[in-house]
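Worksheet: the structure to be examined is printed underneath.
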Amino acid sequence: MKTDWKKLLPYAAVTLAVFYLLPLLIRDTGSGMVILMVAAPLACLVCGLLCGFLHQDRWLYPTFTLVSFFPVVFLYLNQTALPYCLIYACVSMIGVTAGRILARWMNRRR
């Protein structure tokens, strides 16, 4: 199956903006936890849902999420944030899977 990277661009733009711009807003531990544990996973989940629903791609967006957060750890955070790479990839995979299931369910109802 040929993979079309162009369909990933809107989701990649949102993900990159969340990963690279939101850490600039971290001022203390509380704001850091909100960004790392609420805002970023929520963005990954929503983008994953949309990507799975509209394009039904299984692995492309979660892989992009995993790879794109890795440099953020060393740019803005420290090595203790490395598990977030896997967490965000898993959250986006859950979103893609839920989007695919929702798309199939919607197609069956037609």
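The values are calculated or read from the model by the stated rules, or taken from the named source; none is laboratory data. Computed from a prediction, not measured in an experiment: that's the story for all the values here. Glycine gets a Cβ as well: all are built from the backbone with ideal geometry, and neighbour counts include every protein chain shown.
Structural remarks
- In this structure, C51 does not satisfy being within 12 Å of the chain's Cα centre (by Cα) and modelled with pLDDT of 95 or more.
- Residue list for region 71-110, restricted to those being among the basic types (K, R) and either within 17 Å of V14 (Cβ to Cβ) or out of contact with any helix residue (DSSP H, G or I) (no Cβ under 7 Å at 6 or more places or on another chain) (or both): R104, R108, R109, R110
- Residues that are surrounded by 14 or more Cβ atoms within 10 Å (Cβ to Cβ) and at pLDDT below 95 within region 1-21 comprise K7, L8, Y11, A12, listed in sequence order.
- Of all residue pairs spaced 6 or more apart or on separate chains, those with beta-carbon atoms under 9 Å, a first member in region 31-53 that is among the hydroxyl-bearing types (S, T, Y) and a second member that is part of a helix (DSSP H, G or I) are S31/L25.
- Enumerated helices (runs of 4 or more DSSP H) restricted to region 31-110, each holding at least 3 residues that are closer than 17 Å to L21 by Cβ: 40-55, 60-75
- V46, sole failed condition from (1) under 9 Å from the mean Cα position of the chain (by Cα); (2) crowded, with 19+ Cβ neighbours inside 10 Å: (2)
- Failed item, numbered, when R100 is tested on (1) in contact (Cβ under 8 Å) with a residue 24 or more places away in the chain; (2) among the basic types (K, R); (3) farther than 19 Å from W5 by Cβ: (3)
- Residue match in region 6-24 (condition: part of a helix (DSSP H, G or I), within 12 Å of V96 (Cβ to Cβ) and not small (G, A, S)): yes
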